[in-house]
Amino acid sequence: MDIDFVRAQFPAFSEPSLEGQAFFENAGGSYTCAPVIARLERYYRQRKVQPYAPYEASRLAGEEMDEARARLAEMLGVATDELSFGPSTTQNTYVLAQAFGQWMKPGEAIIVTDQDHEANSGPWRRLADEGIEIREWRIDPETGLLRLEDLESLLDESVRLVCFPHCSNVVGAVNPVVAITAAAHAAGAFVCVDGVSYAPHGLPDVGNMGPDIYLFSAYKTYGPHQGIMVMRRELGNLLPNQAHFFNGDVLYKRFTPAGPDHAQVAASAGMADYIDALAAHHGIEGDAGARMRGVHDLMRAHETALLQPLLDHLRDRNKVRLIGPADAAERAPTVALALEQPGAEAARSLAKRGIMAGGGDFYAVRPLKALGVDPEKGVLRLSFVHYTSRDEIDRLIAALDEVL
């Protein structure tokens, strides 16, 4: 991957106020790529009117919103109307839980994990108040991993939905979405995948992977602060409408009760612009899906090459617990460390050395407790993406040696 080309697409790397600092809290939100910023500014300057009216500014506003939905859906391998935008992934999940709560009968079951960020756990667990049975697929307390055989022991004819993360925002391990989805479908259950921590490392081929719902956040995938949701048509038409009654026949509106943020939806097309620019620069050809798959593999190869030396450096250190796999090929570059000192304290020490990282529980209280980590103490989290350079990894390792 041409790292110089990549970094040139992100204004943050030429921003004087950020000079000399290496960004390792990407799991909390990535830098925004230039095409998204340009589209957002253009929308506010030229299109800031109610969209879909016949006058020119409004017509163009609506076209740009439709463009974003169509291009991102194509890259994800799903139909255009199966992709919708919402204020955040947490809000999208909350709305989904309301829909399932109305559709399901008391005594029917939902499976959740204790590996999830709370956004894909809490809303489903609350349905226990409505008589829905909640079953917990628990992680191995030593490794943090989910075992497929443990899920299979929870599945029966009462289960209507299985919810799990593509990868956890503290464990980092990439879960086998295809195999898990196949097991759930074989038992007659639908599948909801939280892809927030995976999508920044390359948008997945949701169409071929098979889940019925796939959720991720645009602001962690180089875009604006929006939640993006794939809802496959079969399930979307089965669940009760959560929007205005007159929008109930439009799949991408059924689960967005609030009006969309027009400018941010339109600006999300800049995410597709960026992916296409990466593909063109690196000679990746084909339709939108093929270009995305090529870019995905490019990103993952770069990240894996940078991640392994960091993992090797950390796993043998005394008084440092590396959470999740020590093999870079098995995880995302989101690395949580349980230390003697609180995670936030270590992050403050790194900040003095030009390393931007985070410390705390990261809304992953349940997995931390399951791993025997005190959420009050939290972890130090180091997360990066494909625009991170080898020099920044070297600077991080040197700073960690001083802090730890």
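The values are calculated or read from the model by the stated rules, or taken from the named source; none is laboratory data. Keep in mind the model is a prediction, meaning the values are calculated, not measured. So basically every Cβ, Gly included, is an ideal-geometry build from the backbone, and we count neighbours across all protein chains shown. Only protein heavy atoms, including side chains, enter the accessible area calculation; ligands, DNA and RNA are left aside. Shrake-Rupley method; radii C 1.70, N 1.55, O 1.52, S 1.80 Å.
The table for this structure:
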| read-out | value |
| --- | --- |
| Beta bridge orientation in the range 157-255: antiparallel %, DSSP, nearest 5 | 45 |
| Lys352-Ile134 FRET efficiency (beta carbon distance; Förster radius 41 Å; 0.05 resolution) | 0.40 |
| Accessible heavy-atom area order of Glu82, Glu142, highest first, probe of 1.4 Å | Glu142, Glu82 |
| DSSP beta bridges in the chain [antiparallel fraction, %, rounded to 5] | 50 |
| Where labels lie 7 Å past Cα in the beta-carbon direction, separation of Phe5 and Gln102 in nm | 4.8 |
| Sum of side-chain charges, Leu238 neighbourhood, beta-carbon under 12 Å (Lys, Arg +1; Asp, Glu -1) | +2 |
| Trypsin sites (Lys or Arg not before Pro) restricted to DSSP loop in the range 320-404 with at most 11 other C-beta within 10 Å | Lys352 |
| Two-decimal Rg/Rh across the range 249-357, once Rg and the Kirkwood Rh are taken from alpha-carbon atoms | 1.12 |
| Simple spin-label estimate for Ala305 and Asp156 in nanometres, 7 Å along Cα-Cβ | 5.1 |
| Note, ³J(HN,Hα) from phi for the range 341-349, Karplus 6.51, -1.76, 1.60, rounded to Hz, x at Gly and Pro | 8, x, x, 5, 5, 5, 4, 5, 5 |
| Full-stretch length increase - Ala344, Glu15 - with 0.36 nm per residue and alpha-carbon distance subtracted | 115.9 nm |
| 20 Å binning of all Cα-Cα separations within the chain, expressed as whole percents from 0 upward | 27, 58, 15, 0 |
| Student exercise, the range 40-272 dipole from Lys, Arg, Asp, Glu Cβ charges, in Debye to nearest 20 | 840 |
| For Thr113, residues with placed amide H under 5 Å, excluding near neighbours | Trp137 |
| Share of carbon and sulfur in the accessible heavy-atom surface of the chain [1.4 Å probe, %] | 49 |
| Centre separation in Å (Cα based) which lies between the range 211-251 and the range 121-172 | 21 |
| Accessible area per residue, Å², the range 134-227 with all protein chains present, probe 1.4 Å | 30 |
| Among Pro35, Ala263, Gly358 - extreme Cα towards positive end, dipole of the chain, charges at beta-carbon | Ala263 |
